[in-house]
């Protein structure tokens with residue numbers, strides 16, 4: 001058995017003890033120690049020899065090696081210098097793995113340019129190459145990674161990752177449910193999202209306090225093409241769920257306060273037969289897409305700006 005496929009708790013703890021280290025909680029280090037689940041994650045990514053795969057969180061390289069066995073190229077990113085070095089030793093036999101030692105994110109809303117540049121460089125080698133994400137994501141960066149990759153200049157054809165079950169539930173949530181929100185709308189507006197497997201804390205070392213899930217996300221370019229302005233839609237859904245318990249009218253008035261009068265907001269809501277007691281969480285994906293476009297057109301009409309920009313609001 002190759003070294004990178006021996007990610008058991010005894011193997012990991014021994015390797016960490018050899019170098020006098022403990023897993024770094026600040027970096028969200030929880031290693032998947034069930035070999036069957038590591039293989040399931042790799043299989044669920046549906047890789048081909050034409051794929052360029054981005055892995056965030058190299059860890060000890062257990063998943064990295066499986067990905068490299070199937071893909072044209074793996075770009076793996078690790079923020080921890082000690083793990084980076086240990087994984088380099090584990091993966092030295094591979095010539096199709098590029099290892100980056102850095103944070104994958106420049107900030108909360110943007111990827112580090114070095115990561116995206118590496119993906120673009122390997123994609124450019126062959127026009128038939130396809131970009132995919134496959135990773136056991138650190139919990140503390142899972143949401144910005146998944147959400148922001150859909151806004152990058154290179155969008156992955158699929159994302160297959162382990163994340164907190166709570167986050168997976170939000171991604172696949174249906175209208176009206178407690179988990180339905182901006183992330184649900186953003187992901188489902190452009191992707192098919194499916195939970196592959198729920199995982200107990202005991203399959204990780206150290207054990208997290210919550211359940212996890214493998215989720216597979218397939219990008220649907222035709223849905224993306226149906227959005228007239230992707231960036232406006234992204235800001236719109238975040239703004240409309242910013243105060244999810246409030247009535248939609250008051251949320252919209254606040255969101256567009258620098259661009260529209262209250263009467264303009266009322267016109268938009270009335271055009272979709274949305275009454276004063278309507279709430280954003282009750283609307284379907286299609287309704288929210290339509291509502292967003294009504295507001296975008298109203299802003300263009302009132303301000304004369306052809307590409308209106310909404311102010312960013314935090315989740």
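Tabulated data
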{"read-out": "Angle between the chain longest axis and helix 285-303 axis [Cα atoms, degrees, rounded to 10]", "value": "60 degrees"}
{"read-out": "Within the chain, percent of DSSP bridges classed antiparallel, to nearest 5", "value": "50 percent"}
{"read-out": "Distance from segment 55-133 to segment 152-188 (C-alpha centre basis), Å", "value": "23 Å"}
{"read-out": "Taking 141, 52 and counting other C-beta atoms within 10 Å, the order from fewest to most", "value": "141, 52"}
{"read-out": "The chain, helix-only ellipticity at 222 nm - DSSP H runs n ≥ 4, -39,500 (n - 2.57), divided by all residues, nearest 500", "value": "-11500 deg cm²/dmol"}
{"read-out": "With Cα atoms, 0 to 90° folded angle of helix 9-18 axis to the chain main axis", "value": "70 degrees"}
{"read-out": "Peptide ranges 245-256, 216-227 listed from the most packed, as the mean C-beta count within 10 angstrom indicates", "value": "245-256, 216-227"}
{"read-out": "Principal-axis tilt of helix 262-271 within the chain, Cα atoms, nearest 10 degrees", "value": "80 degrees"}
{"read-out": "Segment residue 200-residue 126, length gained on full extension (0.36 nm per residue, minus Cα span)", "value": "22.6 nm"}
{"read-out": "Shape call, segment 230-303: gyration tensor on alpha carbons, a/c limit 1.5", "value": "rounded"}
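Read-outs: derived from the displayed coordinates by stated rules, not from any lab. It should be emphasised that the depicted structure is a prediction, and the values quoted were computed from it without experimental measurement. Cβ atoms come from the backbone with ideal geometry, glycine included; neighbour counts cover every protein chain shown.
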